[in-house]
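Take this structure first; my questions come after.
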Amino acid sequence: MIRSVQPLLPRSRLVLASSQPTLQRLWYRGDSGDGERNLSDKEEALLQVAIPKAEMIMERHVRLPQLQDIPVSSLGTQSADADLELDVRRKRLVYRSKQRGWLEVDLLLGTWAHENVPLLSHTELDDFEAFVNMETIDIYNIVTLRTDLPEELKTTHGNSVVERIQAWARDSPLGKADPDTYKTVKTEKNLI
């Protein structure tokens, strides 16, 4: 059965989804119904209360941390707010690079991030963050050169952040090393 994902989204998300092309997916759903709403008046009233709360929780979940939300003991010794925000951003990107969920991507991207993110400029951090925001399978395929680099990530000189990651991964012993090297890399790069 082919069906749209749209009817399952909350109403406020429908506005966002309606401006984008709808995804058509084919999947096995067992004996479940067609997913049509069949709510009583009481359930509809509860839904009207729940939707704003769910949207507030989602907004808070995806919002980047503000400096005032982070405990002072976690911030280190920098004094300027701009430096602190940059440091927090770098730490967040390194963490996200190490915790993708796929061992291969965790090792490749996490190791590269551990070594290089502290040295990136603001523009390069923006590029790296855009790359990290991609799907894990896409990151893996790009880093391992299984798919071409998307045009928006390419540069004319061939030295974009992603192209440097590809070059590093091509020359890296990860994936070609023995178990002892693998264990050493995981320990040294804080991937355990």
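The values are calculated or read from the model by the stated rules, or taken from the named source; none is laboratory data. The model shown is predicted, which means the values in this text are computed figures rather than measured ones. Please note: Cβ atoms are built from the backbone with ideal geometry, for glycine as well, and neighbour counts cover all protein chains shown.
Specify which of the listed residues (Arg90, Arg170, Arg164) is at pLDDT below 90 and among the basic types (Lys, Arg). Write out each step before concluding.
Values: Arg90 fails: at pLDDT below 90; Arg164 fails: at pLDDT below 90.
Result of the check over Arg90, Arg170, Arg164: Arg170.
Quickly run through region 80-99 and pick out the residues that are in a helix (DSSP H, G or I) and under 18 Å from Ile139 (Cβ atoms). Break it down stepwise before answering.
Filtering region 80-99 down to residues in a helix (DSSP H, G or I) leaves 81-98.
Residues satisfying the conditions are Arg92, Leu93, Val94, Tyr95, Arg96, Ser97, Lys98.
Out of Asn141, Asn159, Asn133, which single residue is assigned by TED's automatic domain parsing to the domain that holds Gly101, within 19 Å of the chain's Cα centre (by Cα) and over 25 Å from Val88 (Cα atoms)? It would help to see each step written out before you state the result.
Values: Asn159 fails: within 19 Å of the chain's Cα centre (by Cα); Asn133 fails: over 25 Å from Val88 (Cα atoms).
Of the residues listed, the single one that is assigned by TED's automatic domain parsing to the domain that holds Gly101, within 19 Å of the chain's Cα centre (by Cα) and over 25 Å from Val88 (Cα atoms) is Asn141.
Looking only at region 134-150, decide whether some residue is crowded, with 17+ Cβ neighbours inside 10 Å, charged (D, E, K, R), at pLDDT 80 or above and under 27 Å from Lys186 (Cβ atoms).
Taking every residue of region 134-150 in turn, none turns out to be crowded, with 17+ Cβ neighbours inside 10 Å, charged (D, E, K, R), at pLDDT 80 or above and under 27 Å from Lys186 (Cβ atoms).
Right, here's the next one. Kindly indicate the residue of region 91-104 that is in contact (Cβ under 8 Å) with a residue 12 or more places away in the chain and within 17 Å of Lys183 (Cα to Cα) and also surrounded by the fewest Cβ atoms within 10 Å (Cβ to Cβ) among those meeting that condition.
Among those that are in contact (Cβ under 8 Å) with a residue 12 or more places away in the chain and within 17 Å of Lys183 (Cα to Cα), it is Trp102.
With the requirement that a residue be farther than 13 Å from Lys189 by Cα, surrounded by 15 or more Cβ atoms within 10 Å (Cβ to Cβ) and not aliphatic (A, V, I, L, M), what does region 105-129 give you?
Glu124, Asp127, Phe128, Glu129
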